[in-house]
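The values are calculated or read from the model by the stated rules, or taken from the named source; none is laboratory data. Quick caveat, the model's predicted, so the values are computed rather than measured. For neighbour counting, all protein chains shown are included, and Cβ atoms are generated from backbone atoms with ideal geometry for every residue, glycine included. In case anyone asks, the SASA skips ligands and DNA or RNA and just uses the protein heavy atoms, side chains included. Shrake-Rupley method; radii C 1.70, N 1.55, O 1.52, S 1.80 Å.
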Amino acid sequence: MAGSFTDDNGIGIEDKAPARLDLVWDTAGISVFVTLFQEGLLLEGQSGATIREVLCRRHGLSDDYLDGRVNTIFLDGKAVDNVDSARIHQGCTLALSASMPGLAGAVLRKAGFFSGMRNTITHSPDAPSAPGKEVLFTLKLFNMLLGQVGPLFLASGVIIGSDRLTAFMLERTEAFWKGCRGILLDGVQLTEGEFVPRLRHDQEGLIRLRVVGRS
Amino acid sequence: MDKILRIDMGAEGGPKATVAPIGNYAGLGGRGLTSAIVSKEVPPTCHPLGEDNKLVIAPGMLSGTTAAMSGRISVGCKSPLTGGIKEANAGGQAAQCLARLGYAAIVLEGKPKTDDTYKVLINSDGVQITVDNSLKMLGNYATIDKIKEQYGDKVACISIGPAGEMKLGAASVACTDMEMRPTRHAGRGGVGAVMGAKRVKAIVIDDSGCKMRSPKDPEKFKDACKRWVDGLKTHPVTSQGLPLFGTNVLTNVINEAGGYPTHNFSMGRFPGHQSISGETQAARETERGGSATHGCHRGCIIQCSGIYNDKDGNYLTKQPEYETVWAHGGNCGIDDLDVIAQLDRLDDDFGLDTIEMGATIGVAMEAGVAKFGDGQAAINLVKEVGQGTPLGRILGSGAAVTGKVFGVERVPVVKGQAMPAYDPRAVQGIGVTYATSPMGADHTSGYAVAQNIMKVGGDVDPQSPEGQTALSRELQITTAAVDSTGMCLFVAFAAMDQPDTFQALIDIINSFYGLSLTGDDVAALGKSILKNEREFNLAAGFSKADDRLPPFMKKQALSPHNIVFKVKDEDLDSVFNW
Ligand code: SF4
């Protein structure tokens with residue numbers, strides 16, 4: 001894996017393989033972990049893959065869910081109307097949301113009647129291309145999608161900066177920590193007490209994080 | 001709802017109430033009625049705070065019935081903020097109570113001859129107007145505490161805070177919610193200042209002993225109401241998004257679109273968005289023992305509101321809405337929900353429009369009065385408004401006045417009213433509505449309902465260049481019509497995606513009133529309301545030049561998309577060509 005990715009924004013896995021962190025938490029804890037998607041978490045995909053290909057074929061989201069529930073989509077801040085013609089690339093940001101209320105919600109929604117009202121920020125279809133190299137992109141999830149599909153992406157694995165994960169873990173309450181069911185860092189079982197100091201030790205690196213729920 | 005209560009505040013010997021049949025205004029409610037009365041009875045060139053202006057308070061056509069979501073109340077007048085016609089609306093209990101007492105409207109007229117402060121009681125025995133100077137300059141919360149002591153907590157109350165008494169352009173009219181707190185505001189356009197000019201501090205509405213209004217065709221009405229509720233409970237926006245996260249669910253999404261006005265409309269994204277998002281807000285409310293799902297009036301089944309408690313778990317304010325969180329939050333660089341909640345509480349207490357105040361503080365921050373991001377400074381500025389200091393009175397007069405006083409070029413207003421939380425450079429079609437709405441920049445002109453029923457914009461391709469103006473026209477017409485029903489704005493999505501649900505709404509009106517309206521009739525109603533409003537503004541001195549966004553929108557590109565507002569003036573002028 002080392003040296004596989006570079007990122008236009010300086011985010012990436014360059015020379016060093018990322019640490020591998022497996023967490024098992026209770027369901028309440030999972031609902032806290034998913035909030036990280038509001039700012040975004042890194043996922044892997046193939047450059048040139050369509051939104052459908054990367055989310056459904058690669059990461060296991062169902063086509064029905066993508067078509068029926070993911071009704072507001074942005075690729076690099078541009079509103080997407082067609083998930084089969086918008087393609088990911090290195091360092092891009094893909095944000096997914098359910099239908100939103102109000103006029104703005106109607107205007108921004110995927111292929112909605114009012115989409116013409118935001119034509120200056122509409123994503124233009126990308127030309128088809130052969131599958132490219134492995135890239136990292138940022139996935140953001142909002143509102144209902146956090147709880148509905150956030151756990152799926154966490155369980156299949158995301159990539160996060162060690163510093164960001166440390167800050168997140170340091171902010172957590174006692175009740176959250178009570179939900180901890182297991183911590184495995186690079187194959188080594190850690191206690192809760194050992195975990196954060198280990199994270200703090202390596203603040204520059206990236207972590208390949210998997211979080212699964214267990215009651 | 002077949003009578004109108006008129007109170008002549010300037011009558012010889014003191015305020016005088018008369019109740020008369022609704023007459024020529026029959027069949028109208030909400031915005032349809034407020035705009036009809038204002039355009040027919042108020043001289044367009046009158047001074048908004050003078051004796052010739054009238055404050056019209058009207059429940060919607062369906063308020064006081066068992067139809068879900070029907071508790072919106074409209075407040076209309078000539079606006080002291082825009083100088084044009086105004087309708088501002090609010091939730092809370094007042095619409096239902098007033099409608100059950102049979103009143104289609106309350107009209108406050110004339111100008112009192114003394115400095116006394118008045119309180120009005122309306123119940124099934126009639127109307128009582130009394131001087132109550134103990135209420136003078138009290139905040140809305142303290143006012144309601146006094147009203148509760150005297151009348152109990154089962155009444156509804158419409159009141160103004162000190163901002164209304166000082167007749168400031170950002171002053172709102174407050175309505176009490178289900179817990180009898182003054183949290184629901186007809187905020188826009190300075191309607192509170194007109195109530196202040198009439199020196200009416202509080203209108204207490206006691207509907208005890210009154211029944212629900214009864215429909216002409218009870219069976220059909222019941223069936224239509226059931227289909228209506230089923231539709232609202234099925235749609236993901238009205239059954240999940242709004243109840244779970246409230247309107248603030250929009251923060252992350254608008255920010256992602258690059259249309260979230262930040263630091264006084266100088267950027268389209270706010271770095272601290274996730275700290276103030278609806279998702280974060282809902283989690284905090286639940287964690288502190290408040291609530292993320294709460295209605296503003298009985299009969300609301302969407303429940304987009306909530307209860308925001310402070311760090312110690314004590315009630316601080318109702319759940320601040322998206323517009324409030326944006327105005328006091330990202331627009332001022334503030335990423336602390338507790339600060340925003342305190343500002344919301346202060347606005348509600350002083351009786352101020354949260355959009356106008358947030359936009360005004362943004363302008364003041366740009367002028368260097370305070371630093372962007374300084375929450376304590378923002379709190380202090382709002383407190384100055386409540387205290388009526390000279391600076392406070394400038395700020396309380398709104399963003400346009402504040403911009404002038406401090407020499408700021410970037411002032412986000414149309415017709416003198418501050419823009420809401422969507423930057424028109426990113427979402428240009430919304431800019432068309434901001435520019436051309438007779439109300440000034442207004443986000444509520446957005447009832448996007450089932451197209452195949454309404455089709456009021458004609459058969460224009462919505463993706464074509466003319467599409468922008470055609471869609472805005474369609475939205476404004478539909479909004480004007482639905483604003484007359486008393487239905488909450490947030491029914492719109494279910495009514496847009498599910499034609500059966502929109503049909504159920506029309507069937508509710510028809511079965512209640514014994515009518516046979518079609519989508520075309522609804523469109524005709526919307527058009528006639530807009531026509532009244534446009535004619536009033538024209539006679540008040542408005543011209544095409546007022547249907548424009550501020551010049552900076554065409555010159556200063558908005559990040560991250562680096563775009564300016566591009567819709568041509570000719571296109572803006574064609575919005576009302578129907
Ligand atoms: S959906 Fe929200 S604004 Fe509408 S009536 Fe219910 S609580 Fe009030």
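Quick rundown of the values:
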{"quantity": "All positions within segment B:69-86 that are open to solvent by 10 Å² or more (accessible area, probe 1.4 Å) and within 12 Å of the ligand (Cβ to nearest atom)", "calculated": "B:72"}
{"quantity": "Given (1) in a helix (DSSP H, G or I); (2) out of contact with any strand residue (DSSP E or B) (no Cβ under 7 Å at 6 or more places or on another chain), number of the condition residue B:536 does not satisfy", "calculated": "(2)"}
{"quantity": "Residue that is within 14 Å of chain A (Cβ to nearest Cβ), open to solvent by 60 Å² or more (accessible area, probe 1.4 Å) and closer than 28 Å to residue B:287 by Cα, where the choices are B:244, B:250", "calculated": "B:244"}
{"quantity": "Filter pass, residue B:525 being under 16 Å from residue B:26 (Cα atoms) and without any contact (Cβ under 8 Å) to a residue 40 or more places away in the chain", "calculated": "no"}
{"quantity": "Close pairs from segment A:99-118: first at positive phi, partner acidic (Asp, Glu) and surrounded by fewer than 24 Cβ atoms within 10 Å (Cβ to Cβ), Cβ under 8 Å, at least 6 apart", "calculated": "A:111/A:81"}
{"quantity": "Index of the failed condition, residue B:40 passing every other in (1) modelled with pLDDT of 95 or more; (2) buried (at least 24 other Cβ atoms within 10 Å of the Cβ); (3) in a helix (DSSP H, G or I)", "calculated": "(2)"}
{"quantity": "Among (1) touching a Gly at 6+ places or on another chain (Cβ under 7 Å); (2) away from the ligand (no atom under 13 Å from the Cβ); (3) open to solvent by 30 Å² or more (accessible area, probe 1.4 Å), the one test that residue B:276 misses", "calculated": "(3)"}
{"quantity": "Filter result for the condition that a residue is under 15 Å from the mean Cα position of the chain (by Cα) and acidic (Asp, Glu), over B:12, B:87, B:51, B:41", "calculated": "B:87"}
{"quantity": "Hey, residue A:99 part of a loop (DSSP other than H, G, I, E, B), closer than 27 Å to residue B:243 by Cα and within 22 Å of the chain's Cα centre (by Cα) or not", "calculated": "yes"}
{"quantity": "Selection count where residues are more than 14 Å from chain B (Cβ to nearest Cβ), surrounded by 16 or more Cβ atoms within 10 Å (Cβ to Cβ) and assigned to a strand (DSSP E or B), scope segment A:133-157", "calculated": "3"}
{"quantity": "Any hit, segment B:493-502, residues being open to solvent by 50 Å² or more (accessible area, probe 1.4 Å) and at pLDDT below 95", "calculated": "yes"}
{"quantity": "Matching helices (runs of 4 or more DSSP H) fully within segment B:353-395 where at least 3 residues are open to solvent by 10 Å² or more (accessible area, probe 1.4 Å) and farther than 25 Å from residue B:440 by Cβ", "calculated": "B:375-387"}
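Rundown of residues vs (1) under 29 Å from residue B:153 (Cβ atoms); (2) within 21 Å of the chain's Cα centre (by Cα), yes/no style:
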{"site": "B:184", "(1), (2)": "yes, yes"}
{"site": "B:202", "(1), (2)": "yes, yes"}
{"site": "B:226", "(1), (2)": "no, no"}
{"site": "B:243", "(1), (2)": "yes, yes"}
{"site": "B:270", "(1), (2)": "no, no"}
{"site": "B:282", "(1), (2)": "yes, no"}
{"site": "B:289", "(1), (2)": "yes, no"}
